[in-house]
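Coordinate-derived values only; no laboratory data. Because the structure is a prediction, the values reported are computed rather than measured. Note that each Cβ is placed from the backbone with ideal geometry, even for glycine, and that neighbours are counted across all protein chains shown.
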Amino acid sequence: MLLRHTPKEIPERKALTVNPAKTCQPIGAMYASLGIHGCLPHSHGSQGCYAYHRSTLTRHYKEPVLAATSSFTEGASVFGGQANLLQAINNIFTIYDPEVIAVHTTCLSETIGDDIPQIFGKAESEGKIPEGKYVLHANTPSYVGSHVHGFANMTKAMVDYFATSNGHKEKCINLIPGWVEPSDMKEIKRIAAEMGVKSILFPDTENVLNGPQTGKFNMYPKGGVTIDQLKKTGSSRGTIALGRMTSGPAAKALDAKCKVPCEILDLPIGLKATDRFVDAMRKMAGVTVPDSLNLERGQMLDIITDMQAYFYHKKVALVGDPDQLEALTEFLVDIDMMPIHIVTGTKNKAFEKRIKELTADVPHEVNVKSGGDMFLFHQWIKNEPVDLMIGNTYVKYISKDEDIPFIRHGFPILDRIGHSYFPTVGYKGGMRLLEKILDALMDRQDRDATDITMELVM
Amino acid sequence: MTVMPEKKTENEEDAKAWREIKPEDVKKTILAKYPAKVARKRSKHFVINKKKDEQNYEEIQANVRTIPGIISQRGCCYAGCKGVVMGPTRDIINLTHGPIGCGFYSWLTRRNQTDPSTTPDGHNFMTYCFSTDMQDEEVIFGGEKKLAQAIQEAYDIFKPKMISVFSTCPIGLIGDDIHAVTRKMQEKLGITIFGFSCEGYKGVSQSAGHHVANNGLFKHVIGQDDTVGEGKYRVNLLGEYNIGGDEFIIDEIFEKCGIKIVSTFSGNSSVDHFRNSHTADLNLIMCHRSINYVADMMEEKYGIPWMKVNFLGAKATSASLRKIAQYYGDQELIDRVEAVIAEEMVAVEKAQADVRPRLEGKLAMMFVGGSRAHHYQELFSEMGMQTIAAGYEFAHRDDYEGRHVLPTIRVDADSRNIEELTVEKDPERYNPRIPEEELKAEERHGIKLKEYEGMMADMEEGFTYAIDDISQYETEKMIEIYKPAIFCAGIKEKYMVQKHGMPMKQLHSYDSGGPYAVYKGAINFYYEIDRMINSKVWGHIRAPWEESPELTAMYADE
C-alpha cells in the first residue's frame, strides 16, 4: 500500500494539512507570466522558490521553463531585497535580453514588505530598464490563497500595467482563458476565429509551453500575448473571462480601468459551459454561430447519446482547482454521472455553494470541501467508494491503493503527456474528455470481465 | 537490449576539433557578455583545469552567493535539508512549517526508492506531504500554536516514531521558535521530535541545508540505540540517496562480499538504522558534499573512521571494494572481494566492448550536485567518452580541489550562520575502531582515511573546465561552442538542452532510469547513454522538405 497510513475514520484536523490539493501563489504567477511574449518571469525571493516552480512546471510540460530570481540570502532578508532586485533587473536585461520582466513576490519578500513599484521606480531612474523594455509585477504572498490566486493576480497585473483605452471601442474581444493548458488556449482562439471574432487572448502559453523540436533552442518562443496586444485590450469591445477565480479579477480590472464591459463565465469545459461561452461571444461580437461549431457540438452530443449507458449514475470523485471543478461537475451531472466527492485545496466560499447548486439533483449524498486536502479526499473515498476519480498525478497513489480508475486532469500532471497538445475545453475538448472517461471505465470493465461476460462490442 | 544501428564514429576528428579550441578564448568570449562586476565574479567560478603547483589546482570559487538575476541551477537550504537529506527516510513524519508551497514541491519529486518491508513496523510516510499551511494571520500573530497543534494531530493520526519540523523562509523572519515547540511536544508525546532551522534564505544553496540536516541527525538521532546487530564487517553508507535503486544494488554487492550496511544516510533509510549507526566500524562516504559533517562528527564522538568511496563506475567500484577490504586487512574478505569483482567484471567488460565503438571519443558535459559531476566522469570514461566540462551546483572548494585546501577556505557571512557543532568524545560510547595512532595519521593498512582529492584531479589538464554554479547563459554558450554529444544536469535544464537536438541526461533523478551504481548499474548506464546518443530521433529533426526546399518536380495537373 502506498498510502498505508490513511485511516477510514475522519478525525477533525485544525492545523495539519496532509497531501495538499493546492500549492502556493508564485507558481501560478510564473505560469501566467510565461504567457506574455518575450517575458522572463522573476521570483523575488530566495532561490528555492524559483527552482521549485521551474521544476514543477518543467515536469508538467516537458518544456524549458526559464525564470530568474533575486537570490535572497540572510542579508537581503534582514535589509530588504531592493538591492537584489535592482541588480537582477540590470543583469537580466543585459544578459538575457527579454522584452519584459514579470516580477512576482514570495512569502519571504512579502513578510519583509518589499515595495516593488518603488524599486521599479528606482530602476527606471537609474536607467536599468532599457528603452522599449518593460517590467510588471504582482504581489503573490504564498501564505494567502493558492496557486490559483497567483495566476489571477499576475493576469490582473497585465491589465493594471498595460491596458489603455484609445477612446474607441475596436472590433475586438478580450478573452481571458484562465489557468488552462496551452492546448486549451489554442482551442479558445480557434473557436473565436471559427466564429469570425477578432480576439486578444491573455495570457497565452500556446507555442510557449508546447513548443516544437526544431533542433534550435529559443529562449523566448514564438507564442505569448505581446505587450502591444495587452495595451490594446483597453480598447476592446468587451471581455469574456473564463473561470471566475483565475480570470475574474483581470476582467473586472479592465472594466474599472478602461470601461471594457465583461462577462465572467465558467471555463468552457463540457457542453453547457461551452454553449454559454459560444453564446456570449456571439452576442458580444454580433456574429452568428457557424455550421462548423454546430457540427462539433452535435458530434459531442452524439457521443453522449450513444454511450449514455456507460455514464449513467457512475460515481465520480474530483480533486483540483475551483474553476476546473465547477465546470467539470456541471459536465458530469449533464451526462448523468454522479460527482459525489469534490475537494479543492483553495479556500473559496462561493465554491461549495456553487457545487451544491450544480449537484442539487444528483440522487446521492454529495461531499464538497474548499480548503480541503487529498488526505480527506482519500478518506471520503474509503468511506464511499467511487467508479472514477479525476485529478492531478498525485491521485495515482489513491488509484493504485483503492483500485479505482483515474483520469489525469489539472495541475500538475507529472507522469503523462497530452495535456499540452490536446485540449479539454470547447466541444472538441469535451469529446476528448468523454473519450478519456469512457476509456477508463471500459478498460476497467474489460479487465474485470470474466471469460463468460467479456464483451467484444461495447 | 536493443541493437543500435551502426553509426560511424568521427572519433579522431572530434578529438582533434575540440582540442583546437583555446579554453582561454572560450572563457573570454563567454564572460564578455556580462556586466563588468558580474564578469569579475563569474571569472573566479569559471576555471580552466590546470595544476598551479605539485599539489594544487587552479583555485575555484565555490559556495558563495549566486548573483541576483543570473539563472542558476541552485535551490535553497530547505531543499537541501528536507528534500535531500531528510526526505528519503521512510519512517519519519517530515512536517514543513510554513506556507504550502515548499512542502508541496518536495512531495515525492525525488526518485528515492524505499522498501518498508525491511523494517518491522512497515512505516512509510514518504508518499505523504505534511504541512502547517501557514496563513497570513499566523505570519502576523505567530505560528507556534498551529505548529504544536499540527504535531499533535500528526501524532494522533499516524503514531510515528519521530516527527521532524522544517522551517521555511517566513518562520525565521517572524521568529517562531520551532525548537521550543518541538521540545515541548517531545516531552508531551514521548517520541523523538525536533526541528531544523533550514529557512530557504540561509546559506547560498542546498549545501547549507545538508549541513543543518547533518547537525540535527547527529544531535537528536544518532546514538539513541546501542544494540549491536549482526555482521563481521559493519559499515554505514553515507551520502547515498537510493535514486532509482542505487542503494539496493550496492547493498546486494556488499552482501556478496560479506559486508553489512548498518545504516544508509539517507536512502532506503529508517530512523531505526540511524539510531544505532554509531555501532558500525567504518563510515563510507559517497557524496562528500552533503554528508561529510556527520562522518567527521561520528569520528570525534564515537571513534569511527571514515573513507571516501565511489560506486559509480565499475573501476571505481572495484577500487572502493578493495579499499574496504584492505582497511579491514582480513584475507578472507580480500579474497571474497576479489572473487566478486572477477565475477561481476565479465558482464561489464562485455557491455563496454559493445558500446565503445558507438561512443568512443564523444564529448560529455556534466553540471550537477555536489559529487555526481565527479563520479559520473568515471562511467563516461569507461565508455571511452571525454568529459570536457564539469561543475557542481552547490559544492565547496574541497569538492573541486581536494580536502587539503580545507584550511585555506574562507568562511563568509553566508556560511557562518550555519551552526558548527562542537563535538567531544562520548564518555561511554567512544571506542576507537582502529588504533588511535592510525586515526590520527588518517591512514590504515596503506589506505588513506578522511581523504578526498576532489574532481579536478581526475580531469584532463589544460583542455577541460571546472565551472561552479554554471548559469543558463554559460550552459548555452558551452553547448554552442563544443556541441557535446550529451549534457548532464537536472530537470530544469533538461528540455532546454534537448531543444538543441541533443540528448540530456538527468543526473539528479536519472530521468526514469537507474540504478547506475556498482556493476549492474554501470551496464545500465552504458546502454542508457548509448540509447540517448544514438537514438533515431536526432535524425528526424529536419523534415524532407527542409533538406531540398526547391521544387523540382512538375505539379500533378501540369
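Summary table
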read-out	value
nm² value of the averaged projected area, convex hull over the Cα atoms of the range B:279-433	11.6
Rg in Å to one decimal, and Dmax rounded to a whole Å, for the range B:77-220 via C-alpha atoms	14.1, 45
Fully extended contour minus Cα-Cα distance, from B:Lys188 to B:Arg542, at 0.36 nm per residue	120.7 nm
Trypsin sites (Lys or Arg not before Pro) lying in DSSP loop within the range B:469-558, provided at most 13 other Cβ fall within 10 Å	B:Arg542
3J(HN,Hα) from dihedral phi, the range B:129-134, Karplus parametrisation 6.51/-1.76/1.60, rounded to Hz, x for glycine, proline	10, 10, 8, 8, 6, 4
Cα long-axis angle, helix A:82-91 against chain A (0 to 90 degrees, to the nearest 10)	90
Helix-only [θ]222 nm of chain A, DSSP H runs n ≥ 4, -39500 (n - 2.57) each, per residue, nearest 500	-13500 deg cm²/dmol
Percentage relative contact order, chain A, counting C-alpha pairs under 8 Å, at least six apart	17
Model label zone, A:Gln213; criterion: amide N under 20 Å from point 7 Å along Cα-to-beta-carbon; scope the range B:511-527	B:511-514, B:527
Using alpha-carbon coordinates, inclination of helix B:246-257 to the longest axis of chain B, degrees	80
Relative contact order %, the range A:296-448, counting alpha carbon pairs below 8 Å whose residues are six or more apart	23
Ellipsoid semi-axes in whole angstrom, largest first, where each is sqrt(5λ) of the Cα gyration tensor of chain A	38, 27, 19
Between helix A:116-125 and chain A: long-axis angle, C-alpha atoms, 0 to 90°, nearest 10	40
Volume of the Cα convex hull of the protein assembly as shown, divided per residue and given in Å³	200
Chain B: calculated mean residue ellipticity at 222 nm from DSSP helix runs of at least 4, using -39500 (n - 2.57)	-12500 deg cm²/dmol
Contact order normalised by residue count of chain B, Cα under 8 Å, 6+ apart, percent	19
Of all DSSP beta bridges in chain B, antiparallel share, percent nearest 5	15
Dimensions in Å of chain B - Rg and Dmax from alpha carbons	24.7, 99
Where a label projected 7 Å from the Cα of A:Glu365 along Cα→Cβ would reach, residues of the range A:1-42 with amide N under 20 Å	A:7-13
Unit charges on C-beta of K, R, D, E only; dipole of the range B:77-220, Debye	440
Exposure rule at most 12 other beta-carbon atoms within 10 Å, DSSP loop GluC sites (Glu not before Pro): chain A longest free segment	A:132-364
Proximal charge balance of B:Val64 [Cβ under 12 Å; K/R count +1, D/E count -1]	+3
Over 20 Å between alpha carbons, listed pairs A:Lys315/A:Lys382; A:Lys133/B:Lys499; B:Lys315/B:Lys520; A:Lys8/A:Lys353; B:Lys22/B:Lys362; A:Lys22/B:Lys202	A:Lys133/B:Lys499; A:Lys8/A:Lys353; A:Lys22/B:Lys202
At R0 = 60 Å, FRET efficiency that the Cβ-Cβ distance of A:Lys283 and B:Asp177 yields, to 0.05	0.50
Estimated translational D of the range A:25-144 in µm²/s (Stokes, Kirkwood radius over Cα pairs; 25 °C; 0.890 mPa s)	174
Spatial separation of Cα centroids for the range B:108-165 and the range B:32-77, in angstrom	38
FRET E, pair B:Glu230, B:Glu349, Förster distance 25 Å, beta-carbon r, rounded to 0.05	0.15
Segment B:Ser535-B:Glu428, extension gain: residue separation times 0.36 nm, minus the distance between their alpha carbons	32.6 nm
The range B:337-442: trypsin sites (Lys or Arg not before Pro) in DSSP coil with no more than 14 other Cβ atoms inside 10 Å	B:Arg410, B:Lys425, B:Arg429
Too-long pairs where the Cα-Cα distance tops 24 Å, listed order kept, from B:Lys184/B:Lys219; A:Lys222/A:Lys436; A:Lys169/A:Lys428	A:Lys222/A:Lys436; A:Lys169/A:Lys428
Distance in nm between pseudo-label sites at B:Val411 and B:Gln149 (7 Å out along the Cβ direction from Cα)	4.0
Percent breakdown of C-alpha pair distances by 5 Å bin, ordered from the shortest bin, for the range A:323-458	2, 9, 18, 22, 22, 16, 8, 3, 1, 0, 0
Cα-Cα over 32 Å, subset of A:Lys14/A:Lys122; A:Lys356/A:Lys400; A:Lys122/A:Lys257; A:Lys216/B:Lys82; B:Lys41/B:Lys536	A:Lys14/A:Lys122; A:Lys216/B:Lys82; B:Lys41/B:Lys536
